[in-house]
Amino acid sequence: MSQRLALVTLIVRNYDEAIAFYTQVLGFNLESNLDMGDGKRWVVVAPPGPAGGSGLLLAEAKTEAEKAAVGHQGAGRVWLFLHTDDFWRDYPVLQGRGLKFLETPRSEVYGHVAVFEDLYGNKWDLLEPR
């Protein structure tokens, strides 16, 4: 048997602003942007890397509950992890693109890491695993 986690849904305020952030600031690829009618789209972004990796399904908030969840899906904790093969290559590039880091980089037993926020306030780790 073979399984993998393919997509995680991320609730966003607006499809186009989210696409711009994830592709221009984080450097993700726009894998899919299909109009499904009635204002819904199938939008998938994924970091560059081997085919078949995981990605984000961007879901534009429609209901009041969904709108309230934008930026709070991790309840204030780091809940998304962007792995890199070279932390010290990517960290200054992302800083230069305006990514908001919440701390200075640190070395942990599991790798080099720094917490950053996306445009909605979701917390992520930029992580080069050991």
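Numbers at a glance
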quantity: Residue ID - nearest to residue 25 (Cα to Cα), chosen from residues in the range 83-109 that are part of a helix (DSSP H, G or I) and of a type in the set (A, V, I, L, M, F, W, C); calculated: 94
quantity: Candidate set: the range 45-66, residues that are under 11 Å from the mean Cα position of the chain (by Cα) and at pLDDT 95 or above; chosen: the one surrounded by the most Cβ atoms within 10 Å (Cβ to Cβ); calculated: 58
quantity: Scope the range 95-104; condition surrounded by 14 or more Cβ atoms within 10 Å (Cβ to Cβ) and out of contact with any helix residue (DSSP H, G or I) (no Cβ under 6 Å at 6 or more places or on another chain); matching residues; calculated: 101
quantity: Matching residues in the range 76-92 - criterion: being surrounded by 13 or more Cβ atoms within 10 Å (Cβ to Cβ) and more than 16 Å from residue 18 (Cβ to Cβ); calculated: 78, 79, 83, 84, 87, 90, 91
quantity: Any hit, the range 111-124, residues being exposed (fewer than 14 other Cβ atoms within 10 Å of the Cβ) and among the β-branched types (Val, Ile, Thr); calculated: no
quantity: Residue 73 assigned to a loop (DSSP other than H, G, I, E, B), within 13 Å of the chain's Cα centre (by Cα) and either surrounded by 14 or more Cβ atoms within 10 Å (Cβ to Cβ) or not basic (Lys, Arg) (or both); calculated: yes
quantity: Residue in the range 39-55 that is among the aromatic types (Phe, Trp, Tyr), in contact with a strand residue (DSSP E or B) (Cβ under 7 Å, 6 or more places away or on another chain), under 16 Å from residue 117 (Cα atoms) and not assigned by TED's automatic domain parsing to the domain that holds residue 121 present; calculated: no
quantity: Where residue 25 falls short, out of the listed (1) out of contact with any Lys or Arg (no Cβ under 6 Å at 6 or more places or on another chain); (2) not assigned by TED's automatic domain parsing to the domain that holds residue 129; calculated: (1)
quantity: Residue 3 being outside any loop (DSSP other than H, G, I, E, B), over 22 Å from residue 73 (Cα atoms) and not assigned by TED's automatic domain parsing to the domain that holds residue 81; calculated: no
quantity: Residues of the range 1-26 satisfying the condition of being farther than 27 Å from residue 64 by Cβ and in contact (Cβ under 8 Å) with a residue 60 or more places away in the chain; calculated: 24, 25, 26
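The values are calculated or read from the model by the stated rules, or taken from the named source; none is laboratory data. From a predicted model like this one, the values you see are computed outputs, not experimental measurements. Note: ideal-geometry Cβ built from the backbone for every residue, glycine included; neighbour counts use all protein chains shown.
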